[in-house]
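Remarks on the structure that follows.
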Amino acid sequence: MLAAEWMKLKRTRGFWLLVLAVCSLHLLELFSILNQTSPGRLTWDWTFYIHYKSMTVGLFPVMNALLIGYLIAAEFQQNTISGMLAYPLSRSSFLLAKYAIAVPVLAGLLALDLLLKGAAGWIVGFEPMTAAQWGKYAWCSVLLLLTSIAFFPLNACLSLYFRSYIPNIVLGVMIIVCCEAVWDRLDYSARFPWTFPAVVIGDYIGIPKRLVGSPELLSGALLLTAVFTIFLILSFVQIRRQDIRPHGG
């Protein structure tokens, strides 16, 4: 089932749109650094922090929505849902396969992201990163991946209900607006599930103005866990109650 999901995904525009989005963000950041009067004053820590902040509160909400939304909504739009749900497998396994294939896709995108950021630093004349630095920023990517998984069920619920990925993208844009609204309030951004990953990364890297206490981080982790758990249960309930009438669009 996982192999089938991968074959379907890599033949779609959605997958390549995600790759293009990551590459485009790096190009924009590279031009921004090159246009600064003193790019040599930037450090690897600060550059990676700004990048991961942009990824977390600006790009990943829409990428996550597009990936999960397309994986599920495409089954309805291509009228393949009837065949998928008719397999002698539980409907939960159908949904778990969607979640499972999204993890290595996001991991691959984050690996590409890390390599592109290293290449951009080399272009602007940064000192070569040490093995310890590569490991630190790779761990930041792992943190971003793990926290992104928490939003899979929410996007799945939207796609199952509306049978389209458009509402997912609308939600992603709304989340970006909300992230920008709460970002300057550290106590709020540490608790808001969608800004929590960037706060954790800033705290881990050691950015002075983004250091937070354990109570705030614990609150954010609990809220993120609640979002994941509640919508995971709801997504399983939805798929079990899903009828298999053809998609009308």
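The table below gives the values:
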quantity: Gain on full stretching of the segment that runs from residue 124 to residue 24 - 0.36 nm per residue minus C-alpha separation; calculated: 34.3 nm
quantity: Label-to-label distance, nm, for residues given as residue 103 and residue 214 (7 Å Cα→Cβ offset); calculated: 2.9 nm
quantity: Hydrodynamic radius (Kirkwood) for segment 107-181, which is based on Cα pairs only, to one decimal in Å; calculated: 14.9 Å
quantity: Hydrodynamic radius of the chain per Kirkwood, over alpha carbon pairs, in Å; calculated: 19.2 Å
quantity: Computed [θ] at 222 nm, deg cm²/dmol, the chain (DSSP H ≥ 4; -39,500 (n - 2.57); rounded to nearest 500); calculated: -25000 deg cm²/dmol
quantity: Around residue 52: net Lys/Arg minus Asp/Glu count, Cβ-Cβ under 10 Å; calculated: +1
quantity: Segment 84-220 - convex hull of alpha carbons, volume per residue in Å³; calculated: 157 Å³
quantity: Where only C-alpha atoms are counted, convex hull volume of segment 169-223 per residue in Å³; calculated: 70 Å³
quantity: Of 155, 79, 35, the one that fluctuates the most in a GNM where the chain has Cα springs shorter than 10 Å; calculated: 35
quantity: Separation of the residue 234 and residue 204 label points, Cα + 7 Å toward Cβ, nm; calculated: 2.8 nm
quantity: Residue with peak Gaussian network fluctuation, the chain [Cα springs, cutoff 10 Å], from 205, 72, 230; calculated: 230
quantity: All-pairs alpha carbon distance profile, segment 12-131, 10 Å steps from 0, percent; calculated: 11, 36, 25, 16, 9, 3, 0
quantity: Residue 91-residue 50 FRET efficiency (beta carbon distance; Förster radius 41 Å; 0.05 resolution); calculated: 0.45
quantity: Within a Gaussian network of the chain (alpha carbon springs, distance under 10 Å), most fluctuating of 126, 151, 31; calculated: 31
quantity: Stokes-Einstein D for segment 141-198, Kirkwood Rh over Cα pairs, 4 °C, 1.567 mPa s (µm²/s); calculated: 105 µm²/s
quantity: Cβ-derived FRET efficiency at R0 45 Å, residue 43 paired with residue 177, nearest 0.05; calculated: 0.90
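Since every read-out is calculated from the coordinates, none of them should be taken as a lab result. The shown structure was predicted, so the numbers you read here are calculated from the model rather than taken from an experiment. No Cβ is skipped: glycine too gets one built from the backbone with ideal geometry, and neighbour counts run over all protein chains shown.
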